[in-house]
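The values are calculated or read from the model by the stated rules, or taken from the named source; none is laboratory data. A quick note: this is a predicted structure, and the numbers were derived from the prediction, not measured. As a convention, Cβ positions derive from the backbone with ideal geometry for all residues, glycine included, and neighbour counts pool all protein chains shown.
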Amino acid sequence: MSEDYRLNNPNPSLVEQMVLIDIRNMLQSMGKDIRSFPLPGINDAYDDASGIPREIFEEASIDQNLKDVGLSDSLNEEQRAAYEEIMSKVDTEQGGLFFVDGPVGTGKIFLYRALLGTLRNQNKLAIATATSGVAASIMPGGRTAHSRFKIPLTLEDGGCCSFTKQSGTAKLLQQASLIIWDEASMAKRQAMEALDNSLRDIMGWRDLPFGGKTAVFGGDFK
């Protein structure tokens, strides 16, 4: 259960607490109390009782690589154009939908890391996901899209993600300045439509793609 958290956080104490909170929530859904089992205690500093949803706390606790903060200075001409266009939408909170297309080795991950480094250095929430776990692990704080967005395994047209408006995932997405989804060309159409429908719902902007969020999809259709 700790594998996803280990990708994002090198701190073993934090990873343990995140897993314990997950177990507690699952037990509560079955009408049971985690204190009835011989498990370590949950530290209040990591719990939802602090008023900060676990998902937001986890994202805000991602270990920041100082090298990523300055990556924007090393972008080539095409990467720079994409970086500035995406950042302009984030800074003005206008929202926008982008697709970064290119074969392996053309620098898509380098662009993502530059965006993530800049925004996280500004204490903004930037969500990094990918269709596969391997691609997700390359990005700082990366998670699979299915895991982060709670996308159902069985997808149908017109479906939604399996989080509610009151959930920590919804609050994280509401506060996120940027959403990145790499290898989007490998995902099913219904998976993206589920995220689109859910974001329109939780953001209250049903006429705007992805609820008016700035979203960057990447992949190689070739």
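So here's what we get for this one:
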{"quantity": "Test: Phe217 is in contact with a strand residue (DSSP E or B) (Cβ under 7 Å, 6 or more places away or on another chain), in a helix (DSSP H, G or I) and not basic (Lys, Arg)", "calculated": "no"}
{"quantity": "Lone qualifier among Gly204, Gly212 - being at positive phi and in contact (Cβ under 8 Å) with a residue 60 or more places away in the chain", "calculated": "Gly212"}
{"quantity": "Residue in the range 71-93 that is in a loop (DSSP other than H, G, I, E, B) and small (Gly, Ala, Ser) present", "calculated": "no"}
{"quantity": "Pair list, Cβ under 6 Å, 6 or more apart: the range 171-195 residue closer than 24 Å to Arg54 by Cβ and in contact (Cβ under 8 Å) with a residue 24 or more places away in the chain, other residue assigned to a helix (DSSP H, G or I) and hydroxyl-bearing (Ser, Thr, Tyr)", "calculated": "Ile180/Tyr112"}
{"quantity": "Within the range 198-209, tally of residues that are under 16 Å from the mean Cα position of the chain (by Cα) and either of a type in the set (Asp, Glu) or more than 15 Å from Thr169 (Cα to Cα) (or both)", "calculated": "0"}
{"quantity": "Members of the range 17-62 that are of a type outside the set (Val, Ile, Thr), under 20 Å from the mean Cα position of the chain (by Cα) and at pLDDT 75 or above", "calculated": "Gln17, Met18, Asp22, Pro53, Arg54, Glu55, Phe57, Glu58, Glu59, Ala60, Ser61"}
